[in-house]
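Structure first, commentary second.
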Amino acid sequence: MDYIGNTDAQRQEMLKATGAASIDELFEDIPAALRAHAFDLPPGMSEMEVRTRLERLAKNNAVDLVLFLGGGFYDHYVPSAADAILQRGEFYTAYTPYQPEASQGTLQAIYEFQTALCRLTGMEVANASLYDGGTALFEAAMMALRITGRNKIILDSGVSPIYRNMLYCYTSNLNIEFVEVPVYNGRTRRDVVAQRLDEDTAAIIIQNPNFFGFVDDLSDVVEMVHRVGGLAIMCFYPISLGLLKTPGEMGVDVAVGEGQSIGLPLSFGGPYLGLMATRKEYQRQMPGRLVGATTDREGRRGFVLTLQTREQHIRREKATSNICTNSALCALAALTYLTLVGKEGIREVARLCADKAAYASQRLDAIPGVQVSRDAPFFNEFVCKLPADAGDVVGHMVEKGFAAGFPLGRYYPGMERHLLVALTERRTKEEIGAFAEALEGVL
Amino acid sequence: MRVIFEKSTPGRRGVGFPPSDVPAHAVLPPECLRATRAELPEVSELEAVRHFTRLSQRNFSVDTNFYPLGSCTMKYNPKFCEVVARLEGFSQLHPLLPQLRRGGMLTQGALGVLYETARLLCEITGMAQFTMQPLAGAHGELTGAMIIAAYHRQQGKRKTRVIIPDSAHGTNPASAAIAGYEVVVAPTGDRGVLDAQTVEELLSDEVAALMLTCPNTLGLFNSQIREIADLIHGVDGLMYYDGANLNALLGRARPGDMGFDVVHLNLHKTFGAPHGGGGPGAGPVGVVERLAPFLPTSVVEKRSDGTYSLQYDRKDSIGYVAPFYGSFGVIVRAYAYLLLLGGDCLKSVSGNAVLNANYVLARLKDHYEVAFDRRCMHEFVLSASRQARMGVKALDVAKGLLDRGIHPPTVYFPQTVPEALMIEPTETESKETLDAFVAAMIEIARLAEQDPDALHEAPTQTPVGRLDEVAAARNQDTSYTPPAPPVEQ
């Protein structure tokens, strides 16, 4: 099945126009020695056959487990209308809106997305999206280096270890000094941060809620880095901002996050959505696409890609980033999600997540030998200390139908008995009860 | 058209959530809470659906228009691929499951998709191993450049330069720069491709790699490619293949046989996944055997019993370029497309893509100047410089096409061709569509001679006319602010 419309007769007619005797003749620039002869590939199949094969593969994935697993990626509910909008071919089969008159749909949607993100985060300007939360964090770090002309970054270890690993990977060929600050009882160590900050510090990277789910008011940490002339970069979790203090309210300079929670399925790790918002004064140092409002000759409002001289297709090796294709359709998903849940719904869903986590934590705390860490308040995810290896416990819980959480020992040595448990609005009281009973049973 | 925030009515709701069924109330200290509400839209579901449907109707797209945007491969995206990517077994799968104990067994189907897609891509490109992690083409370039750096570092060689032709996509130099390299620009030769002699002149021990798109952005295949590869390999450099234009070679030639060591592909160009209005894409990277140890962590492996596992213990790996295993949803679409196509249809894809391009080129070359007057591969570049002398620039040609319901070619790229119009019809378009495009282009060329002003006014049939980009850059209105209420007299 190749989706080709032309008939043999049409091909002959077209060949005549080109002056070639055969299609193969059109490839004569490829030296004979370089032409491939046989490929070890399966023969093509019909839609029906491929569907059967893919359905079989899809069934071989444990999506029936009840999820108490988060770690920055959550099974929030996606309203049906959001996916219906994404399935408009006019959106998903378009390219990057380089011809604005033919792309007002995509451009206005991006403008609305930028607006929604600014309002959610309390920041002044947001870009059109980056690949994911981790690449957004790397881009934010690069931005801070450009803005300050310094090369040291302080990295709170409450920042997702998944993102810290990505940051180290991307910067391995660049001359950047990273200083990791350990967390104490799950919270950012102000005393250690104070010792590490100096005139070489380009930025501090913090996360709220942090990887352990703890919530903090980090305004004082932001102030500390500002005092030495550095920038504050914060990773945020968009759903939590229905309730929590925003990066903008804390004085953050660059806010980055993973947009999966607002309207995207888990989809085994992607495609996801990199969110980035900053202060107006830094927008020329921001990577990625940016849409601005303007007018046409008749005064009608329209939208265009703007400040493009930051980008690779114009600036090449001097661009702010190499990013071209980003996550436009995922940004549309986030916009439709935020529109459908709206001003009231975003607070409601955040409240539901927090309340269910509070309830689950009480149920788990009541199990002998289990202790929920209450060193700081938490949002929808919390740390439980178990009387056994968390990895083993999770393994037993799978047999009972639960993805019980994330064993922290994988990324935090010494925390082998600690389990990170996540709740979303989708977990019911019954499921939480059954989860607590099952956990008690396997301990 | 009004933005969604202007359609807001206080108190109106879209979708609702069920009331809480738990007795607990989370207690969060006031200093941790936001002081004001997030002013998101307050609209009904119907208003939201109507708003976004209307927005969609203000787009050109492959589903509605011919879209011959050069180097973007705007082919038809089968609806089937959308359906299978949404199967719950794929879409609802948590990416951290494999990191749980014996968790790999919980995701065998998904790991199978990753492994099998990589295997098919190896065969198509002649590479030994693929990573599916890179999230877009430029992300693949950066991954590839980091692999090259890691390889030379392990060899104890200090190499600082990457050669890139002047006709390359802007992402090539930008990616090389982020990987820490100095970019050496190689000029295009008389025949429209990079000459081996030019490469020889730029060669030194500092050269880490040559990044090449082949066929290049002019749609021309470089017949000297083996010689060039030998030159680069002669200084222990590596050959990087930008797969943006692989559609031209499918089933006919493989980058691996040409001497390339690293390949990135754009699943959203060549392999049927949609462009999404600018992403998400997927940019898997393939490498030859000696570079395999440097691929990102993790790697999917097939065990002797036929099951799959994720390998994390990789001491030479460059590390983590993505949070997990790549743009999985995009990879599922490409896998479905590859299975539909099979080995037998690969050749018809490239054959029809190249035939369509040559047909349009043959029909248009008397009406526009051709950047390089020779047969092309899947795309070609015209120049509107003849029309420009009459005051009609490439941009005006583009806007004239919009009024005729056709998405314009890529304009002003490659930057080495004045008034460039880069045209890639793709294999899925019919002769009738190509003829309509040819007719529109000829009509525009005629208008350029007889009534250039008619083109300066274009487009008039789109929702908005030409927009003031200077004002946009000056005003920097990138987020909607409601107008201040009128001051009472």
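The values are calculated or read from the model by the stated rules, or taken from the named source; none is laboratory data. Owing to the predicted nature of the structure, the values given are computational and were not obtained by experimental measurement. Positions of Cβ are backbone-derived with ideal geometry, glycine not excepted, and every protein chain shown enters the neighbour counts.
Below is a table of values for the structure above.
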{"quantity": "Condition met for B:Cys214 (in contact with a strand residue (DSSP E or B) (Cβ under 8 Å, 6 or more places away or on another chain), closer than 27 Å to A:Gly270 by Cα and not hydroxyl-bearing (Ser, Thr, Tyr))", "calculated": "no"}
{"quantity": "Odd one out for A:Val394, checked against (1) under 21 Å from A:Phe73 (Cα atoms); (2) out of contact with any strand residue (DSSP E or B) (no Cβ under 6 Å at 6 or more places or on another chain); (3) assigned to a helix (DSSP H, G or I)", "calculated": "(2)"}
{"quantity": "Check on B:His152, closer than 26 Å to B:Ile318 by Cα and either surrounded by fewer than 24 Cβ atoms within 10 Å (Cβ to Cβ) or of a type in the set (Val, Ile, Thr) (or both)", "calculated": "yes"}
{"quantity": "Restricting region A:92-146 to residues that are closer than 30 Å to A:Leu174 by Cβ and part of a strand (DSSP E or B), the residue that is farthest from the other protein chains (Cβ to nearest Cβ)", "calculated": "A:Leu130"}
{"quantity": "Single residue of region A:65-74 satisfying the filter (more than 7 Å from chain B (Cβ to nearest Cβ) and assigned to a loop (DSSP other than H, G, I, E, B)) that is surrounded by the fewest Cβ atoms within 10 Å (Cβ to Cβ)", "calculated": "A:Leu65"}
{"quantity": "Pairs, first under 24 Å from A:Ala58 (Cα atoms) and assigned by TED's automatic domain parsing to the domain that holds A:Tyr282 in region A:244-272, second in a strand (DSSP E or B) and acidic (Asp, Glu), C-beta under 7 Å, six or more apart", "calculated": "A:Tyr272/A:Glu258"}
{"quantity": "Flag if A:Thr424 is of a type in the set (Ser, Thr, Tyr), out of contact with any His (no Cβ under 9 Å at 6 or more places or on another chain) and modelled with pLDDT of 95 or more", "calculated": "no"}
{"quantity": "Qualifying residue in region A:48-64 (condition: farther than 26 Å from B:Gly272 by Cβ, in contact (Cβ under 8 Å) with a residue 24 or more places away in the chain and in a helix (DSSP H, G or I))", "calculated": "no"}
{"quantity": "Members of region B:68-96 that are β-branched (Val, Ile, Thr) and in contact (Cβ under 8 Å) with a residue 24 or more places away in the chain", "calculated": "B:Thr73, B:Val84"}
{"quantity": "Every residue from region A:347-383 that is modelled with pLDDT of 95 or more, in a loop (DSSP other than H, G, I, E, B) and either among the aliphatic types (A, V, I, L, M) or touching a helix residue (DSSP H, G or I) at 6+ places or on another chain (Cβ under 6 Å) (or both)", "calculated": "A:Ala366, A:Ile367, A:Val370, A:Phe379, A:Asn380"}
{"quantity": "Residues being in contact with a strand residue (DSSP E or B) (Cβ under 9 Å, 6 or more places away or on another chain) and in a loop (DSSP other than H, G, I, E, B) - total across region B:459-489", "calculated": "10"}
{"quantity": "Any chance B:Gly112 is within 9 Å of chain A (Cβ to nearest Cβ) and on the phi > 0 side of the Ramachandran plot", "calculated": "no"}
{"quantity": "Residues (assigned to a loop (DSSP other than H, G, I, E, B), farther than 19 Å from A:Asp64 by Cβ, at the interface with another protein chain (Cβ under 7 Å from one of its Cβ atoms) and in contact with a helix residue (DSSP H, G or I) (Cβ under 9 Å, 6 or more places away or on another chain)) located in region B:71-105", "calculated": "B:Cys72, B:Met74, B:Asn77, B:Pro78"}
{"quantity": "Check on A:Gly342, at the interface with chain B (Cβ under 9 Å from one of its Cβ atoms) and at positive phi", "calculated": "yes"}
{"quantity": "Pick from region B:196-223, criterion touching a Pro at 6+ places or on another chain (Cβ under 9 Å) and part of a loop (DSSP other than H, G, I, E, B), ranking: surrounded by the fewest Cβ atoms within 10 Å (Cβ to Cβ)", "calculated": "B:Ser223"}
{"quantity": "Every residue from region A:221-256 that is in a strand (DSSP E or B) and either within 11 Å of chain B (Cβ to nearest Cβ) or in contact with a Ser or Thr (Cβ under 8 Å, 6 or more places away or on another chain) (or both)", "calculated": "A:Leu231, A:Cys235, A:Phe236, A:Leu244, A:Val254, A:Ala255"}
{"quantity": "Out of B:Arg34, B:Arg12, sole residue that is more than 39 Å from the chain's Cα centre (by Cα) and either buried (at least 18 other Cβ atoms within 10 Å of the Cβ) or of a type in the set (Lys, Arg) (or both)", "calculated": "B:Arg12"}
{"quantity": "Exclusive hit being over 29 Å from the mean Cα position of the chain (by Cα), crowded, with 24+ Cβ neighbours inside 10 Å and not basic (Lys, Arg), set B:Val417, B:Val487, B:Val397, B:Val392", "calculated": "B:Val392"}
{"quantity": "Residues satisfying the stated conditions in region A:1-43, i.e. in contact with a strand residue (DSSP E or B) (Cβ under 7 Å, 6 or more places away or on another chain), modelled with pLDDT of 95 or more and in a loop (DSSP other than H, G, I, E, B)", "calculated": "A:Ile30"}
{"quantity": "Failed condition for A:Gly213, given (1) more than 18 Å from A:Phe113 (Cβ to Cβ); (2) in contact with a Phe, Trp or Tyr (Cβ under 6 Å, 6 or more places away or on another chain); (3) within 7 Å of chain B (Cβ to nearest Cβ)", "calculated": "(3)"}
{"quantity": "Single match in B:Glu227, B:Glu289 (criterion: among the acidic types (Asp, Glu), in contact with a strand residue (DSSP E or B) (Cβ under 9 Å, 6 or more places away or on another chain), surrounded by fewer than 23 Cβ atoms within 10 Å (Cβ to Cβ) and farther than 18 Å from B:Glu379 by Cα)", "calculated": "B:Glu289"}
{"quantity": "B:Phe52, sole failed condition from (1) buried (at least 23 other Cβ atoms within 10 Å of the Cβ); (2) outside the structural domain of B:Pro215 (by TED's automatic domain parsing); (3) part of a loop (DSSP other than H, G, I, E, B)", "calculated": "(3)"}
{"quantity": "Test: B:Arg404 is surrounded by fewer than 24 Cβ atoms within 10 Å (Cβ to Cβ) and in contact with a helix residue (DSSP H, G or I) (Cβ under 7 Å, 6 or more places away or on another chain)", "calculated": "yes"}
{"quantity": "Single unsatisfied condition, B:Val411 versus (1) within 21 Å of B:Ser167 (Cβ to Cβ); (2) in contact (Cβ under 8 Å) with a residue 24 or more places away in the chain", "calculated": "(2)"}
{"quantity": "Lone qualifier among B:Arg374, B:Arg363, B:Arg386 - being within 9 Å of chain A (Cβ to nearest Cβ), of a type in the set (Lys, Arg) and not in a loop (DSSP other than H, G, I, E, B)", "calculated": "B:Arg363"}
{"quantity": "Positions within region B:315-360 being of a type in the set (S, T, N, Q), part of a loop (DSSP other than H, G, I, E, B) and either buried (at least 24 other Cβ atoms within 10 Å of the Cβ) or touching an Asp or Glu at 6+ places or on another chain (Cβ under 7 Å) (or both), in sequence order", "calculated": "B:Ser327"}
